[in-house]
Amino acid sequence: MSINFPLLLVIAVAVCGALALLDAVALAPRRRAAISAYEGQVTEPDAVVVEQLSKEPLLVEYGKSFFPVLAIVLVLRSFLFEPFQIPSGSMKPTLEVGDFILVNKFAYGIRLPVIDTKIIEVGDPLRGDVMVFRYPSDPSVNYIKRVVGLPGDKIRYTSDKRLLVNNQPIAEQLLGEVPGTLGSAVLYREKLGEVEHLIRKEMRRYRIEPNREWTVPAGHYFMMGDNRDNSNDSRYWNDPKIAPELLGMVPDRNIVGKAFAIWMSWADPKMRNLPGFTRVGLIH
């Protein structure tokens, strides 16, 4: 069972804010009136009694204390930056398992929390961006992949593992071999749009039909992992509830934001070791 953290955060801010407002409008004036009445009845007010009369109810005290902190977290997380941890190797070598990343929430437009309705246009995803989005078949799950296809693009991935966009092969430069799950993998430097980045291929692994093509509909994006043969991405998604022409496509409404930086790495899932900071830097 997944927890809808944005919804819980909004509810917490609303409850704490309501308690603070209730105190400001009704409870605080009532306490001040009680203190004034007491002071009018005695010659020398007892400081202990005055303190008791001015004491806030415990629930109100907690609500007022937590409200500004939660409100700041809500604003930062909903409209500015949100942290994520990389759970799989689908974006190797760009992102490793255990990397903690920051996602720019306003790069592709300002959206309301929970309902994710875009209220202010800022910009659109560019080819080559590393983007976090909600998985189309299960929006409660966040995915991270690289933007390969923009609205209107024709995408082709061939049997020899070459990527073509609008019938133009994407430039790639062979760098060398690294350990892989089936012997060895090969690293390439690829250029998508204005972004140069590394990709990883396992030449003995074949997962797709030769020369399959996709056309990206308006308002949608085609996503691929940099670990090309170990990535559950737009090439493989299959959901009978989604129209065939939209299979594999990420709608604009599912966009979370642009991943732009690694701020910590903690590869041990049980967190028995200390986190590392050698991978800290911008994401390309």
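The values are calculated or read from the model by the stated rules, or taken from the named source; none is laboratory data. Keep in mind that this is a model prediction, so the values were computed, not measured. A quick note on method: Cβ atoms are made from the backbone with ideal geometry, for glycine too, and the neighbour counts reach across all protein chains shown.
Here are a few things to note about the model shown:
- The condition of being without any contact (Cβ under 8 Å) to a residue 24 or more places away in the chain and more than 30 Å from Val280 (Cβ to Cβ) holds for only one of Leu76, Leu53, that being Leu53.
- Filter result for Val60 (farther than 15 Å from Lys258 by Cβ, modelled with pLDDT of 90 or more and not in a strand (DSSP E or B)): yes
- Considering the conditions (1) surrounded by fewer than 16 Cβ atoms within 10 Å (Cβ to Cβ); (2) touching a residue at least 40 places away in the same chain (Cβ under 8 Å); (3) of a type outside the set (Val, Ile, Thr), Phe106 is excluded by exactly one of them, (1).
- Flag if Met131 is part of a loop (DSSP other than H, G, I, E, B), surrounded by 16 or more Cβ atoms within 10 Å (Cβ to Cβ), modelled with pLDDT of 95 or more and assigned by TED's automatic domain parsing to the domain that holds Gly152: no
- Residue within the stretch 215-238 that is within 29 Å of Glu121 (Cβ to Cβ), over 18 Å from the mean Cα position of the chain (by Cα) and without any contact (Cβ under 8 Å) to a residue 60 or more places away in the chain present: no
- Residue in the stretch 93-103 that is in the same structural domain as Met224 (by TED's automatic domain parsing), in contact with a strand residue (DSSP E or B) (Cβ under 6 Å, 6 or more places away or on another chain), assigned to a strand (DSSP E or B) and exposed (fewer than 15 other Cβ atoms within 10 Å of the Cβ) present: no
- Considering residues of the stretch 79-98 that are touching a residue at least 12 places away in the same chain (Cβ under 8 Å) and of a type in the set (S, T, N, Q) only, the residue nearest to Ile283 (Cα to Cα): Thr94
- Scanning the stretch 152-174 turns up one or more residues that are closer than 24 Å to Lys241 by Cα and in a loop (DSSP other than H, G, I, E, B).
- One residue stands out in the stretch 203-247 among those that are farther than 16 Å from Ser137 by Cβ, aliphatic (A, V, I, L, M) and surrounded by fewer than 18 Cβ atoms within 10 Å (Cβ to Cβ): the one that is modelled with the lowest pLDDT, namely Ile208.
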